[in-house]
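Chemist: Right, I'll just put the structure down here and ask away after.
The values are calculated or read from the model by the stated rules, or taken from the named source; none is laboratory data. These figures come from a predicted structure and were not determined experimentally. Here the Cβ positions follow ideal geometry from the backbone for every residue, glycine too, while neighbour counts run over all protein chains shown. For the accessible areas, the whole protein counts, side chains as well, though only heavy atoms, and no ligand, DNA or RNA atoms are used. Shrake-Rupley method; radii C 1.70, N 1.55, O 1.52, S 1.80 Å.
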Amino acid sequence: MGVVIVGSMAFDTIHTPFDKRERVIGGSCIYASIAASLFDRTGIVGVIGDDFTEDHLKTLKERSIDTDGVIREKGKSFFWEGKYHLDMNTRDTITTELNVFENFDPVIPESYKKIPYLFLANIDPPLQLKVLESMEKPGFVLCDTMNLWIDIKKDELKKVFSKVDCVVLNDEEIRQFTGKPNLLQGAREIQKTGPAYVIIKKGEHGASILGPGSFYFSAPSYPVEGVIDPTGAGDSFAGAFIGYMAAKNKNSDTDIIKKALVYGNAVASFTVEGFSIERLEQVSMRKIEGRIEAIRKISEF
Ligand code: AMP
């Protein structure tokens, strides 16, 4: 069926309590597209500077990820620096340099326009809206965001939410968006803004999804003991979720939606086992299936 993903393509400097990496490849679009490409044909929309070499794009091309929607501009690529707390779950942003991202004007290639699955990864909400409006009636749209946009562009974000099928947020973002301490109440409130489904990501504690009527499903994360770098876990979760949905192409089948969530958890569990994409890019379907089985074993009774 195919997936289109719009998001950031970045260099990240990451500090954990135990180690540090400088200017490694990152960005929501990078993590999400590698994850989605494990399941289905994936095309990306993003912007890079002249410091983003062909070698950096090689990882994507090796996975047959379509980069026709990537624009190269003069200047530096988007740069983000973050520092994780001891819990390896919460983090502080130290630096955000928009660089070529500042004037990003996404252009959707003709060959993408009819692709039915769209993931609006974390970027400025008006740009998410522009991409959404450039597509020809996508069948299923997933949307992510971050605390920054909830802070400064909440109205634009609400407009995006009103036009998508599913929103994926972490616990903090749900509380920030709604002011509700209870996550279920918060997710319901977000559902009222438009999306039929709301995914609640809870880091190492797994993810839940709330849907129409009484639909609710929760699955644990795969228990990783050696978390190295959580960056991109949310993006790879979402990429795997929409990639699985696209591969199955049955949007209202709740069994498929449940499985998509568990595949998201399984893929994200690999991302956190290394810095940047170093673990994610080595993942095979056989390894993913192994983790799916492990998640099943720890949660069935
Ligand atoms: P995650 O850990 O899944 O929330 O995603 C982390 C990725 O988000 C990093 O690779 C960053 O480059 C990227 N990122 C951080 N801030 C922004 C932003 N303001 N807009 C877009 N992407 C961002």
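Chemist: Determine if region 264-274 includes at least one residue that is open to solvent by 30 Å² or more (accessible area, probe 1.4 Å), touching a strand residue (DSSP E or B) at 6+ places or on another chain (Cβ under 9 Å) and part of a helix (DSSP H, G or I).
Modeler: no
Chemist: Let me ask something else about it. Would you tally the residues in region 152-163 being open to solvent by 10 Å² or more (accessible area, probe 1.4 Å) and touching a residue at least 24 places away in the same chain (Cβ under 8 Å)?
Modeler: Qualifying residue count, region 152-163: 6.
Chemist: Given the conditions (1) part of a loop (DSSP other than H, G, I, E, B); (2) open to solvent by less than 70 Å² (accessible area, probe 1.4 Å); (3) within 22 Å of VAL3 (Cα to Cα); (4) free of Cβ contacts under 8 Å to residues at least 60 places away in the same chain, and given that LYS180 satisfies all but one, which numbered condition is not satisfied?
Modeler: (3)
Chemist: Only residues that are more than 13 Å from the ligand (Cβ to nearest atom) and either part of a helix (DSSP H, G or I) or in contact with a Cys (Cβ under 8 Å, 6 or more places away or on another chain) (or both): list them for region 128-142, please.
Modeler: Result: LEU129, LYS130, VAL131, LEU132, GLU133, SER134, PHE140, VAL141, LEU142.
Chemist: Moving on. Please find, among ILE228, ILE256, ILE209, ILE298, the residue that is open to solvent by 10 Å² or more (accessible area, probe 1.4 Å), not in a helix (DSSP H, G or I) and not hydroxyl-bearing (Ser, Thr, Tyr).
Modeler: Only one candidate qualifies: ILE228.
Chemist: Here is a follow-up. Name every residue in region 122-151 that is aromatic (Phe, Trp, Tyr) and without any contact (Cβ under 8 Å) to a residue 40 or more places away in the chain, in order of residue number.
Modeler: TRP149
Chemist: Another one. Tell me which residues, restricted to region 190-205, are open to solvent by less than 70 Å² (accessible area, probe 1.4 Å) and outside any loop (DSSP other than H, G, I, E, B).
Modeler: Result: ILE190, GLN191, TYR197, VAL198, ILE199, ILE200, LYS201, GLY203.
Chemist: On the basis of being farther than 28 Å from THR16 by Cα, in a loop (DSSP other than H, G, I, E, B) and at pLDDT below 95, does LYS163 make the cut?
Modeler: Against the criterion (farther than 28 Å from THR16 by Cα, in a loop (DSSP other than H, G, I, E, B) and at pLDDT below 95), LYS163 does not qualify.
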